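The values are calculated or read from the model by the stated rules, or taken from the named source; none is laboratory data. Since this is a predicted model, take the numbers as computed values, not measurements. No Cβ is skipped: glycine too gets one built from the backbone with ideal geometry, and neighbour counts run over all protein chains shown. Each accessible area value is taken on the protein alone, full model and side chains, heavy atoms only, with ligands, DNA and RNA left out. Shrake-Rupley method; radii C 1.70, N 1.55, O 1.52, S 1.80 Å.
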Amino acid sequence: MSKTNEPDRIFIFDTTLRDGEQSPGASMNLNEKLRISEVLEDMGVDVIEAGFPIASNGDFEAVREIAKRVKNATVCGLARATRADIERCAEALKGAERPRIHSFISTSPLHMKHKLQMEPDQVHEAVFASVTLARNFTDDVEWSCEDGSRTEHDFMCRCVETAIDCGATTVNIPDTVGYAVPDEFASLIRMLIDRVPNIDKARISVHCHNDLGLAVANSLAAVGAGARQVECTVNGLGERAGNAAMEEIVMALRTRQDHMPYVTGVRTEDIMKASRLVSGITGFLVQPNKAIVGANAFAHEAGIHQDGVLKHAGTYEIMTPESVGLTMSNIVLGKHSGRHAFRRRLAELGYELGDNAIEDAFRRFKDLADKKKEIFNEDIVALVDDSAGHADLRVRLVALEVLCGTKHRPPKAELELEIDGEVKSCKATGDGPVDAAFNAIKRLFPHDANLQLFQVNAVTQGTDAQAEVSVRLEESGKTTNGQGADTDTLVAAVKAYVSALNKLLVKREKTQPPALSA
Ligand code: KIV
Ligand code: ZN
């Protein structure tokens, strides 16, 4: 508790768009990053780490656009401890209301020797120079000691003290390789509080990776020891096994106030929306038993549990489904629902669309209602997400017909695509109906991209459920994810492929990022 007896505030630093995007295959385009940043801002995240501006022109552009648009959250860009990185980062953040430069350098003996090939004194000098330079551009500078959990304590204290002396207002202690265990990590934070003389001039942050499945536990242990910022990502996305999951941090703090008397500024009711958006965009499915946002997180299978929950929800539920944005009465609209009800439901689901976008979504909703009697919230979300960002596409699906089954060997697909304004059609066969349809796409629009992921997910229950398909394509080291939703799985598959292909065409025109590590 603080001196005022108010629970202490924990600042939530979301790095879905930076560390999250570093997950292999999770690359996002500008439009997707803007949509995620909008949801993060609306849900009350304190800091949005929008990217690593020097990494590529795409990253620079994303940080610059997010910086211009986000007004309530701090927008942060990552930079190594070099002049070029920091200047590029400052340039990208120019339009931000609250810009933060996040500069980092490795401090563990292993990283200094083998990765940086620098002596500790040189690293220390780089801390001084980088934070001093960053402070010329903004008052809000965060400094991180990469591989902090494997750094010698004396050297960490020396670097942290220097970073704060040079004007860092946040010092971040990463468990970069997910090696720490909770009591050890908490002791590390306490050690800094005890030993660094100017520690009270900065906020302590933690950034934990999940290699041993301990990222959330380590982050919460650090909060108990005095850390006041937690770096995390939606659905725990991130390098290798990912980062601490934001929804787990926030809900643990909210649910266990008795043990952890801290508050965050996050509107937890937006958690499902953010989770679904990030999963849809990246094609990274959420495992059904994932805490907070998994499909089974609030499902009760055993009869004895169902009976208990019906008598008193608290018997087996420690949080309400509503508190994370799950509505229990999920059947919402149908064939006869009008524009007004549709618009209101969109608003309840957190979508603020312009008139044209609402009109477009409403037309698609009516088409869907012709195919499907009950329209669930998930259907509406899939429908709106499926139609987002469809302007300026070079390739569009016009028509698809597929012949398959035991009597039609091999399966045949007849496909019509609009390519750069011209409608073209062809027939193709394949090992299965999806293969035939994808072969037809390749015939109409020849390309060498490899299919890295093909994933089908039923949006709701029942055989008339919409299928939501994710496709990941890779070409010369560049990957893109595409999504498509439809009550016809094959149509959804072609939509997803075409969506990934369109993104790849945009990416082809952009410069190749240099190999960077963070
Ligand atoms: O994991 C890590 O150490 C990082 C730093 C750049 C904060 O991502
Ligand atoms: Zn990281």
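Note down the net charge around GLU322, summing +1 for each Lys or Arg and -1 for each Asp or Glu among other residues with Cβ under 15 Å from its Cβ.
-2
Just to confirm my numbers, what's the Cα centroid distance between region 423-459 and region 152-218 in Å?
49
Which length gain, in nm to one decimal place, applies between VAL506 and HIS114 when the Cα-Cα distance is subtracted from 0.36 nm times their residue separation?
Here the segment from VAL506 to HIS114 would lengthen by 137.4 nm.
Go ahead and estimate [θ] at 222 nm for the chain from helices alone: -39,500 (n - 2.57) per DSSP H run with n ≥ 4, summed, over the residue count, rounded to 500.
Computed mean residue ellipticity for the chain: -11500 deg cm²/dmol.
Quickly work out the ASP8-to-GLU269 label distance, labels modelled 7 Å from Cα along the C-beta direction, and quote it in nm with one decimal.
Placing both labels 7 Å beyond Cα along the Cβ direction yields 3.0 nm.
Please report the net charge: other residues with Cβ closer than 11 Å to the Cβ of LEU403, K and R +1, D and E -1.
Its environment carries a net charge of +2.
If packing is taken as the average count of other Cβ atoms within 10 Å, what order do 433-441, 311-319 fall into, highest mean first?
The densest-packed peptide leads the list: 433-441, 311-319.
Accessible area, 1.4 Å probe, largest first: how do GLU418, GLU468 sort?
Reading off the accessible areas and sorting them downward yields GLU418, GLU468.
Taking only the C-alpha atoms, wrap a convex hull around region 11-282 and report its volume per residue in Å³ as a whole number.
Per-residue hull volume (Cα only) is 110 Å³.
Using only the Cα atoms of region 242-305, build the gyration tensor, take square roots of its eigenvalues as a ≥ b ≥ c, and label the shape rounded, prolate or oblate: rounded if a/c is under 1.5, else prolate if a/b is larger than b/c, else oblate.
oblate
If the cut-off is a Cα-Cα distance under 18 Å, which lysines reach LYS372, setting aside same-chain residues fewer than 8 apart in sequence?
The qualifying lysines are LYS335.
Using per-residue counts of other Cβ atoms within 10 Å, averaged over each peptide, order 190-196, 145-151, 224-230, 131-137 from highest down.
Averaged packing, sorted descending, gives the order 145-151, 224-230, 131-137, 190-196.
Quote the charge dipole size of the chain about the Cα centre in Debye, to the nearest 20; the model charges only the Cβ of Lys and Arg (+1) and of Asp and Glu (-1).
Around 940 debye, computed over the chain.
May I ask you to derive the relative contact order of region 326-387, considering only C-alpha pairs under 8 Å and at least 6 residues apart, and to give it as an integer percent?
Once normalised by length, the contact order is 50 percent.
Accessible area of the chain with a 1.4 Å probe: how many percent of it is carbon plus sulfur?
In the chain, the share of accessible area belonging to carbon and sulfur is 50 percent.
Measure up LYS366/LYS427; LYS33/LYS495; LYS442/LYS478 against 24 Å on the Cα-Cα distance and list the ones that go over.
Where the Cα-Cα span goes over 24 Å, the pairs concerned are LYS366/LYS427.
Tell me, what ³J(HN,Hα) does each residue in region 413-424 have, in order and in whole Hz, if you take phi through Karplus 6.51 cos²θ - 1.76 cosθ + 1.60 with θ = phi - 60° and put x for Gly and Pro?
Whole-Hz 3J(HN,Hα) from phi for region 413-424: 10, 10, 10, 10, 10, 9, 10, 6, x, 10, 8, 10.
How long are the three semi-axes of the equivalent ellipsoid for the chain, computed from the Cα gyration tensor as the root of 5 times each eigenvalue, in whole Å, largest first?
Gyration-tensor ellipsoid for the chain: 42, 28, 20 Å.
For the chain, report the accessible area per residue in Å² (1.4 Å probe, heavy atoms, rounded to an integer).
The answer is 45 Å² per residue.
Which of rounded, prolate or oblate describes region 108-229 when judged by the alpha-carbon gyration tensor and an a/c cut-off of 1.5?
Judged from the Cα gyration tensor, region 108-229 comes out oblate (a/c at least 1.5, b/c at or above a/b).
Quick one: what does P(r) look like for region 326-387 with 10 Å bins over all Cα pairs, in whole %?
Answer for region 326-387: a P(r) of 22, 64, 14, 0 percent.
Name the helices (complete DSSP H segments) of the chain with a Cα length along the long axis of 27 Å or more and a Kyte-Doolittle mean of at least 0.5, or state none.
Those that pass (Cα extent of 27 Å or more, hydropathy at least 0.5) are 489-508.
Sum up the charges of everything whose Cβ sits under 12 Å from the Cβ of SER23, counting Lys and Arg as +1 and Asp and Glu as -1, but leave SER23 out.
Charge balance near SER23 sits at 0.
Work out the charge dipole of the chain with +1 on the Cβ of Lys and Arg and -1 on the Cβ of Asp and Glu about the Cα centre, then indicate which of ALA245, LEU214, SER144 is farthest towards its positive end.
Value computed over the given set: ALA245.
Rounded, prolate or oblate: which one fits region 395-507, using the alpha carbon gyration tensor with axes a ≥ b ≥ c (rounded when a/c is under 1.5, else prolate when a/b beats b/c, else oblate)?
oblate
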